[in-house]
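Here's the structure, in structure tokens; my notes come after.
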Amino acid sequence: MLNNDLSNKVAVVTGGADGIGEGIVRTLCGRGAHVVIADIQDEKGSAIAAELGVSVSFALLDVTEPDSWSNLVTEVESSCGRLDILVNNAGGGGFGNLDQLTIEEWRKIMALNMDSVFLGCKAASTLLQADGGGSIINISSTNANRAWPMFSGYCAAKAGMTMFSKCVAQHFLETNVKIRCNTVHPGPIETPNFKRLSAAEGAEQLMADWEKNNPFTEIGTVEDIGEVVAFLASDAARYVNASEFVAAGGTLL
Ligand SMILES: NC(=O)c1ccc[n+]([C@@H]2O[C@H](COP(=O)([O-])OP(=O)(O)OC[C@H]3O[C@@H](n4cnc5c(N)ncnc54)[C@H](O)[C@@H]3O)[C@@H](O)[C@H]2O)c1
């Protein structure tokens, strides 16, 4: 039987101090992994690490900065000696259609959702390979699969990082490196960012439309995403690669 236990594995979760990332940290830790919370929120990240005990630590990371990634990988190597799982979760975006979005906003969205994943995969690749390989899980969105003009920059960034993830998976196959790379595409999940967006001006209509079109579907929880990530991180998913996992309660139909 294939093993979904994560004992003896080391994981880095970006944006692990809040929202979906925090849910992923708690799930991976519950399955036995040592988890490094990598986030810009040092107080919240350190508090979660203190609460969860020795199997969780905190490291400061700005996912948009190459030097910050180098420092993180050096720190993980010296404190944990290995890396098996990288979850590129930090991301997000705001409203803005073609007429509204400025180039500055566009670049910010690309940096947080695309540069972050590029930099993370590149920085962690050598350490992931060092002990025989591992699993990269990039948190995309159903916005990568459906055009939503109000989220044009975010849709573009998540579609871009999804395709980049497939290229990463293919690259490792071609170079005979045993690192799998998959994406997870959440639907609406109750997090601080989701609360901010759904309370913002202009969001009422969006939420009302969503509820009308999805009368049987609840808003998801961070645990719903944590479970999918834990499977992809484990050896039970050894044959799962370059795939998109939609966790959206059927709302992408
Ligand atoms: N919540 C949803 O409904 C939803 C749906 C689909 C996809 N997603 C995706 O899931 C991921 C997490 O979303 P969330 O709703 O939990 O977001 P959130 O804003 O609630 O939490 C994001 C976390 O990332 C951290 N972070 C932000 N910028 C960072 C940076 N530059 N470097 C390091 N850490 C940084 C924050 O401090 C925070 O801890 C994102 O990639 C988002 O696009 C969310």
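The values are calculated or read from the model by the stated rules, or taken from the named source; none is laboratory data. Because the structure is a prediction, the values reported are computed rather than measured. Don't worry about glycine lacking a Cβ; one is built from the backbone with ideal geometry, like all the others, and counts go over all protein chains shown. For accessibility, only protein heavy atoms count, side chains too; no ligands or nucleic acids. Shrake-Rupley method; radii C 1.70, N 1.55, O 1.52, S 1.80 Å.
Count, please, the residues in the stretch 36-54 that happen to be open to solvent by 40 Å² or more (accessible area, probe 1.4 Å) and either in contact with a strand residue (DSSP E or B) (Cβ under 7 Å, 6 or more places away or on another chain) or not in a helix (DSSP H, G or I) (or both). Number of matching residues: 5. Residues considered: Thr175, Thr217, Thr251. Of these, the only one that is more than 25 Å from Leu6 (Cβ to Cβ), of a type in the set (Ser, Thr, Tyr) and open to solvent by 60 Å² or more (accessible area, probe 1.4 Å) is Thr175. Between Ala17, Ala33, which is more than 13 Å from the ligand (Cβ to nearest atom), surrounded by 23 or more Cβ atoms within 10 Å (Cβ to Cβ), at pLDDT 95 or above and under 18 Å from the mean Cα position of the chain (by Cα)? Of Ala17, Ala33, the one residue that is more than 13 Å from the ligand (Cβ to nearest atom), surrounded by 23 or more Cβ atoms within 10 Å (Cβ to Cβ), at pLDDT 95 or above and under 18 Å from the mean Cα position of the chain (by Cα) is Ala33. I'm checking my understanding of the structure. Among residues of the stretch 178-214 that are among the small types (Gly, Ala, Ser) and either part of a helix (DSSP H, G or I) or surrounded by 13 or more Cβ atoms within 10 Å (Cβ to Cβ) (or both), which one is modelled with the highest pLDDT? Among residues in the stretch 178-214 that are among the small types (Gly, Ala, Ser) and either part of a helix (DSSP H, G or I) or surrounded by 13 or more Cβ atoms within 10 Å (Cβ to Cβ) (or both), the one modelled with the highest pLDDT is Gly187.
The residue that is nearest to the chain's Cα centre (by Cα), among those in the stretch 145-160 that are assigned to a helix (DSSP H, G or I) and touching a residue at least 60 places away in the same chain (Cβ under 8 Å), is Lys158.
Within the stretch 162-198, the set of residues being near the ligand (Cβ under 9 Å from one of its atoms) and closer than 21 Å to Ala242 by Cα comprises Val184, His185, Pro186, Gly187.
Looking only at the stretch 39-62, decide whether some residue is of a type in the set (S, T, N, Q), touching a helix residue (DSSP H, G or I) at 6+ places or on another chain (Cβ under 8 Å) and over 14 Å from Ala17 (Cα atoms). Within the stretch 39-62, one or more residues are of a type in the set (S, T, N, Q), touching a helix residue (DSSP H, G or I) at 6+ places or on another chain (Cβ under 8 Å) and over 14 Å from Ala17 (Cα atoms).
Residue selection: Glu75 fails the criterion of being in a helix (DSSP H, G or I), touching a helix residue (DSSP H, G or I) at 6+ places or on another chain (Cβ under 7 Å) and acidic (Asp, Glu).
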